[in-house]
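Worksheet: one structure, shown below.
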Amino acid sequence: MNTLTNKVILVTGASRGIGAAIARKISSEGAKVIINYAGGKEAADGVVAELKAKGGDAIAIQADVSKSDDVRNLFDAAIAHYGRIDVLINNAGIMILKTIKDTTDEDFQRQFDINVRGTFNTLREASTKLADKGTIINFSTTVNRVMVPTYATYVATKSAVEQLTRVFSKEMGARGINVNSVSPGPTNTDLFIKGKPQEVIDRLAAMASFGRLGEPEEIAEVVSFLASDAAKWVTGQNIGVNGGMA
Ligand SMILES: NC(=O)c1ccc[n+]([C@@H]2O[C@H](COP(=O)([O-])OP(=O)(O)OC[C@H]3O[C@@H](n4cnc5c(N)ncnc54)[C@H](OP(=O)(O)O)[C@@H]3O)[C@@H](O)[C@H]2O)c1
């Protein structure tokens, strides 16, 4: 049975990685999907074409989530096309791994701009533009729960996302909107794999109870459940999806 039939769902950063896997899963559950991307137009158009080929309904809209004007236009364009947005999945994010000693002002700023300001920008738009009884899912990380050198600035941004989630869930309760975050563990995408020596990948993979990386599709399953009406009583929570890493 399809669990998301007729829901209009905006997924930020859905051109590839976990966001693209979420788009595929929720489309298979009957959702109409807005595929947001920053620079990857070809990849985003490819995801739209793939969903349409399987009978789905999707559009791609470019917007840099760190820019409030872009995010306003993203919401307005999505609502102009589909009439409303029921679910916001705040998946867009970046990770720059460096010791604090080596982190530049630009590294710090870029991560906070995309991960924290980007989430803030979409939440502020959603506060008035998401449909009543809607759902919001933000993205944190399980690495918040361990202490891994080089992750300090990244986990600082994701800790901020968890706090935005908690307070916003109280602010949105009156409109019946539930707000949660998910915390994936190390997952097999560009963000995690690119630039890492194999021994670091293996060491982090070994921290899961199952001794392996997560796959984007495994994160998408849980996000799809949280987007459904079956999860309406869950709000203000951070859900680990990490194979038991922490
Ligand atoms: N992979 C992991 O191990 C892991 C673990 C825990 C949490 N997470 C979180 O999960 C989320 C997805 O990560 P991922 O691994 O799928 O990353 P990814 O493979 O690098 O994909 C990132 C996506 O975000 C988009 N994006 C980047 N900057 C953007 C911006 N300014 N505005 C709009 N979209 C932007 C990218 O679009 P373009 O293609 O257009 O650049 C792309 O679609 C992130 O929030 C990440 O922090 C990942």
At 1.4 Å probe size, with every protein chain present, just tell me what the per residue accessible area of the chain comes to in Å². 46 Å²
Measure nothing but the geometry: give the 0 to 90° angle between the long axis through the Cα atoms of 41-53 and the longest principal axis through the Cα atoms of the chain, rounded to 10°. 50 degrees
For region 164-207, which whole percent of the accessible surface, found with a 1.4 angstrom probe, sits on carbon and sulfur atoms? 56 percent
Taking protein heavy atoms only, a 1.4 Å probe, and rounding to whole percent, the accessible area of region 80-139 owed to carbon and sulfur comes out at 53 percent
When the chain is fully extended, how far beyond the present Cα-Cα distance does Asp202 get from Glu221, taking 0.36 nm per residue of separation? 4.4 nm
Based on the Kirkwood radius over alpha-carbon pairs, what value in µm²/s does the Stokes-Einstein equation return for the translational diffusion coefficient of the chain at 25 °C and 0.890 mPa s? 137 µm²/s
Residue-normalised 222 nm signal for the chain, counting each DSSP H run of n ≥ 4 as -39,500 (n - 2.57), nearest 500 deg cm²/dmol, is -13000 deg cm²/dmol
For a quick check: with amide H placed at 1.01 Å from N, whose amide H comes under 5 Å from Val241's, ignoring anything fewer than 5 positions away on the same chain? Ser183, Gly185
How would you classify region 150-246 from its alpha-carbon gyration tensor, with a ≥ b ≥ c the square roots of the eigenvalues: rounded for a/c under 1.5, else prolate if a/b is greater than b/c, otherwise oblate? prolate
Reduced Cα scattering model of region 101-173, Debye log10 I(q)/I(0), q = 0.16, 0.20 Å⁻¹: -0.62, -0.86
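Let's see if you can work this out: charge +1 on each Lys and Arg Cβ, -1 on each Asp and Glu Cβ, no other charges. What is the dipole magnitude of the chain about its Cα centre, in debye to the nearest 20?
The calculated dipole for the chain is roughly 400 debye.
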In nm, to one decimal, how far is the modelled label at Arg84 from the one at Asp69, with both set 7 Å along Cα→Cβ? 3.1 nm
So how far apart, in nm, are the two label points at Thr99 and Ala43 if each is 7 Å from Cα heading toward Cβ? 3.1 nm
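The values are calculated or read from the model by the stated rules, or taken from the named source; none is laboratory data. Note that the coordinates shown come from a computational prediction; the quantities given were computed from them, not determined experimentally. For neighbour counting, all protein chains shown are included, and Cβ atoms are generated from backbone atoms with ideal geometry for every residue, glycine included. When the accessible area is computed, the model is the full protein with side chains, heavy atoms only, and any ligands, DNA or RNA have been set aside. Shrake-Rupley method; radii C 1.70, N 1.55, O 1.52, S 1.80 Å.
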